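A short write-up of the structure that comes next.
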Amino acid sequence: MLAIENIKKEHEQIEQFMQEVELIMKTIPLNYPNLIHTCKECASFWNLHEEKERKIFKILSKSNFKIPIRKINFKHGELKEHQNAIKLAINSGSEEKVKKALESHGKKLIEKLRAHISFEDEIIYTLPLELLKPKTMEKLEELDK
Ligand SMILES: [Fe+2]
Ligand SMILES: [Fe+2]
């Protein structure tokens, strides 16, 4: 199941992004352009991931799978708030504001993102895929196109 496999891979990729951001934040002197670049890259990757996930979870929950969609969507909203705060700081062009935003929102975002990913991983790694109905399978395959 490609769509679900991709979600797993993307979680690994997001973890790599987070480790990169953490490393850049710790490095003195701060490589500001690299930091901005990595944050932006991570944000656009994350947005695409979230969109895919929203579709996949919706398809699964409309079938015979119990997916805590409300909880997941609530978390996505929470994560987005931190993400937006960082985006605002980046758009202000002030290095000082970005540093402050990353100290508060960035660290919280990374912490919450890790918890969120492990919550989702627990769901997707234990999905009883043998119970997938052919119709659901078809809908998921449509997403791969
Ligand atoms: Fe998610
Ligand atoms: Fe995810």
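The numbers here are math on the coordinates, done by the rules we state, and not lab data. Fair warning: this is a prediction, and the values are worked out from it, not measured in the lab. Note: ideal-geometry Cβ built from the backbone for every residue, glycine included; neighbour counts use all protein chains shown.
Span-like helix check, the chain: qualifying full DSSP H segments, with Cα axial length of 20 Å or more and mean Kyte-Doolittle of -1.0 or more, are 2-26, 32-62, 69-92, 107-125. Label-to-label distance for Lys71 and Thr27 is 3.8 nm, based on points extended 7 Å past Cα in the beta-carbon direction. Put +1 on the Cβ of each Lys and Arg and -1 on the Cβ of each Asp and Glu in the chain; which of Ile24, Cys39, Ser61 then has its Cα farthest toward the positive end of the dipole? Among Ile24, Cys39, Ser61, the one farthest towards the positive end of the dipole of the chain is Ser61. For a modelled paramagnetic label at Lys135, 7 Å from Cα along Cα-to-Cβ, the residues of the range 63-85 in reach, with backbone nitrogen under 15 Å, are 63-65. Applying 1/(1 + (r/R0)^6) with R0 = 41 Å to the Cβ-Cβ distance of Lys107 and Lys58 gives a FRET efficiency near 0.85.
Each peptide among 31-43, 132-144 gets the average number of other Cβ atoms lying within 10 Å of its residues, and from highest to lowest they stand as 31-43, 132-144.
Given only helices, namely DSSP H runs of n ≥ 4 each adding -39500 (n - 2.57), what is the per-residue ellipticity at 222 nm of the chain, to the nearest 500 deg cm²/dmol? Taking each H run of at least 4 residues, the total per residue is -27500 deg cm²/dmol.
Pairs spanning more than 27 Å between alpha-carbon atoms, out of Lys108/Lys133; Lys26/Lys80; Lys55/Lys87: Lys108/Lys133.
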